[in-house]
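Below is one structure, written out as structure tokens; comments come after it.
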Amino acid sequence: MSRPRVLVVDDEPHIRELLEITLARMDVSAVCAENLERAYQALQREVPDVCLTDMRLPDGSGLELVRHVSQHHPDLPVAVITAHGDVRSAVEALKAGAFDFVTKPVDLPVLRNLVTTALRLGQARRTVTRTLIGTSPAMCEVRATIAKLARSQAPVFISGESGTGKELAARMIHDQGPRGGGPFMPVNCGAIPADLMESELFGHRRGAFTGAVADKPGLFQAADSGTLFLDEVAEMPLATQVKLLRAIQEKRVRPVGAENEVGVDVRILSASHRDLARLVREGTFREDLYYRLDVITLSIPPLREHMEDIPLLSQHILARLCGGAAGATPELDPGALAALAAHGFPGNVRELENLLERAVAMCETGRIEASDLGLAPGARGRDTGTGAGPPAGAHTRDVPAALASVMAAPVLSLDGTLDQVLEEVERQTILNALEKVRWNKTRAAKQLGISFGALRYRMQKLGLD
């Protein structure tokens with residue numbers, strides 16, 4: 001079996017020699033070119049497994065080679081060598097289709113990790129068990145975009161309303177890419193208290209703060225050689241945003257209380273239901289971090305924009321809810337399908353899952369009827385990014401009245417300690433708000449008078465997420 005081949009394009013002889021020696025120790029052969037013309041000639045003779053090019057070449061820019069490779073050899077991973085601190089060039093290269101980048105002076109361990117990861121792209125054909133369901137043009141386009149993004153190492157920002165499947169899209173990018181065999185670490189930035197965010201992301205050393213009784217690796221270290229998915233990244237405190245930016249640029253993190261930094265090889269994917277560009281304008285999200293996270297944007301459409309997928313989605317969800325057992329999965333009668341088609345789904349696919357889960361519990365005949373769905377006649381969410389408006393008068397409902405209704409509910413037991421009773425009151429209040437707005441968390445948070453991140457944290461604490 002022949003050795004993998006890497007095309008090295010750089011006009012500095014000592015850099016070419018250094019890379020050639022480093023690759024040889026990895027049992028990888030190097031084909032060297034000192035300019036764009038020689039690089040194009042090498043590509044015509046034989047397409048390598050990986051291409052590594054400097055940004056500044058005597059007869060042009062490495063960006064030209066990146067664009068050429070993206071157009072003529074889309075399956076060939078190409079990485080660029082940039083000057084230290086030249087973030088703009090690195091971002092331009094990633095937007096043009098580069099797989100990844102490494103800065104000068106070249107950190108050899110980082111280079112070896114980059115080449116190893118790139119070589120995996122063309123070697124393994126993985127079976128993807130998670131996918132976004134749907135045959136509509138919108139969903140077909142999303143899956144095609146995901147397949148392209150999986151070949152890159154560029155940071156991807158996934159936008160979309162709550163419940164559209166942003167984490168599922170992130171998992172698909174991970175599974176279909178060269179890091180599919182590595183860890184996928186999702187983290188909900190809105191669910192971590194601000195004072196613990198740095199420790200969770202970067203880890204800490206024993207004695208770094210009260211309660212740090214042992215060394216603990218952070219999520220960056222846990223995701224090494226894999227993918228770190230920063231969900232609801234807009235909720236991240238500004239102080240942590242500064243350190244996240246450095247970790248992304250330098251590919252190194254410093255655990256809390258540590259003297260030295262630790263190298264990490266992690267691909268960053270992020271998501272939010274909020275408009276990051278607007279938050280940048282308002283000064284609540286760092287502009288430099290925004291440009292590093294939003295190198296490529298993947299937009300997940302709301303369910304109301306691909307309603308034709310509801311029958312297939314429902315079939316898939318019902319089969320999962322019933323364990324896929326033959327004969328155990330109920331069917332949706334025409335009336336139930338019509339009721340679903342007439343609903344606006346402000347909560348998107350997550351709301352559809354909740355409706356069908358309820359219907360399975362209520363169904364008595366093995367056939368789900370419209371009445372089993374629990375949809376009010378004519379109920380339909382407004383076709384907006386924030387989902388349906390609250391029921392009339394819901395926004396004027398005060399907290400004491402909400403608590404009074406909770407305390408009067410027969411499901412609430414007042415036995416136990418004060419903390420237990422208050423926790424139960426909190427749980428029931430949140431559940432009431434969520435059920436009233438069909439589990440649209442953005443609207444529920446507004447009704448409860450708290451931030452979206454605070455609601456997500458409380459739900460996770462109470463086991464409701």
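Identify all residues within the range 1-41 that are small (Gly, Ala, Ser) and either modelled with pLDDT of 90 or more or touching a helix residue (DSSP H, G or I) at 6+ places or on another chain (Cβ under 7 Å) (or both); write none if there are none.
Of the range 1-41, the ones small (Gly, Ala, Ser) are 2, 24, 29-30, 33, 39.
Listed by number, the residues that qualify are ALA24, SER29, ALA30, ALA33, ALA39.
Yes or no: LEU313 surrounded by 13 or more Cβ atoms within 10 Å (Cβ to Cβ), modelled with pLDDT of 90 or more, assigned to a strand (DSSP E or B) and not β-branched (Val, Ile, Thr)? Explain how you work it out, then say what you get.
Numbers: surrounded by 13 or more Cβ atoms within 10 Å (Cβ to Cβ): yes; modelled with pLDDT of 90 or more: yes; assigned to a strand (DSSP E or B): no; not β-branched (Val, Ile, Thr): yes.
Considered against the rule, which asks whether it is surrounded by 13 or more Cβ atoms within 10 Å (Cβ to Cβ), modelled with pLDDT of 90 or more, assigned to a strand (DSSP E or B) and not β-branched (Val, Ile, Thr), LEU313 comes out as no.
Could you look through the range 323-361, keep only residues that are modelled with pLDDT under 90, within 28 Å of the chain's Cα centre (by Cα) and not in a helix (DSSP H, G or I), and pick out the one that is surrounded by the fewest Cβ atoms within 10 Å (Cβ to Cβ)?
For the range 323-361, the residue satisfying everything is GLY323.
Can you tell me how many residues in the range 362-381 are assigned to a loop (DSSP other than H, G, I, E, B), modelled with pLDDT of 85 or more and polar (S, T, N, Q)?
Residues flagged as assigned to a loop (DSSP other than H, G, I, E, B), modelled with pLDDT of 85 or more and polar (S, T, N, Q) within the range 362-381 amount to 0.
Collect the residues in the range 245-298 that are β-branched (Val, Ile, Thr), without any contact (Cβ under 8 Å) to a residue 60 or more places away in the chain and in a strand (DSSP E or B), keeping them in residue-number order.
First pass over the range 245-298, keeping only residues β-branched (Val, Ile, Thr): 248, 253, 256, 262, 264, 266, 268, 280, 284, 295-297.
Next cut, without any contact (Cβ under 8 Å) to a residue 60 or more places away in the chain only: 253, 256, 262, 264, 266, 280, 284.
VAL253, VAL256, VAL262 - these are the residues of the range 245-298 that are β-branched (Val, Ile, Thr), without any contact (Cβ under 8 Å) to a residue 60 or more places away in the chain and in a strand (DSSP E or B).
So that you can scan it fast, the table gives a plain yes or no per residue for (1) of a type in the set (S, T, N, Q); (2) under 21 Å from ARG456 (Cα atoms); (3) modelled with pLDDT of 95 or more; (4) not in a strand (DSSP E or B):
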| site | (1), (2), (3), (4) |
| --- | --- |
| SER152 | yes, no, no, yes |
| HIS174 | no, no, no, yes |
| PRO178 | no, no, no, yes |
| THR210 | yes, no, no, yes |
| PHE229 | no, yes, yes, no |
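Since VAL187 meets every condition but one in (1) closer than 30 Å to ARG438 by Cα; (2) assigned to a helix (DSSP H, G or I), which condition does it not meet?
Among (1) closer than 30 Å to ARG438 by Cα; (2) assigned to a helix (DSSP H, G or I), VAL187 violates only (2).
Okay, residues lined up against (1) out of contact with any Leu (no Cβ under 8 Å at 6 or more places or on another chain); (2) in a loop (DSSP other than H, G, I, E, B); (3) of a type in the set (D, E, K, R):
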{"residue": "PRO48", "(1), (2), (3)": "no, yes, no"}
{"residue": "LEU52", "(1), (2), (3)": "no, no, no"}
{"residue": "GLU64", "(1), (2), (3)": "no, no, yes"}
{"residue": "ILE81", "(1), (2), (3)": "no, no, no"}
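Out of the range 88-108, which residues are in a helix (DSSP H, G or I) and over 17 Å from VAL8 (Cα atoms)?
Passing the criteria: ARG88, SER89, ALA90, VAL91, GLU92, LEU94, LYS95, ALA96.
Regarding the range 384-394, can at least one residue be identified that is aliphatic (A, V, I, L, M), at pLDDT below 50 and in a helix (DSSP H, G or I)?
Of all residues in the range 384-394, those aliphatic (A, V, I, L, M) come to 388, 392, 394.
Filter once more, keeping what is at pLDDT below 50: 388, 392, 394.
Now narrow it down to the ones that are in a helix (DSSP H, G or I): 394.
Checked against the condition, which is being aliphatic (A, V, I, L, M), at pLDDT below 50 and in a helix (DSSP H, G or I), the range 384-394 yields at least one hit.
The values are calculated or read from the model by the stated rules, or taken from the named source; none is laboratory data. Note that the structure is a prediction, hence the values are computed from the model and not measured. Please note: Cβ atoms are built from the backbone with ideal geometry, for glycine as well, and neighbour counts cover all protein chains shown.
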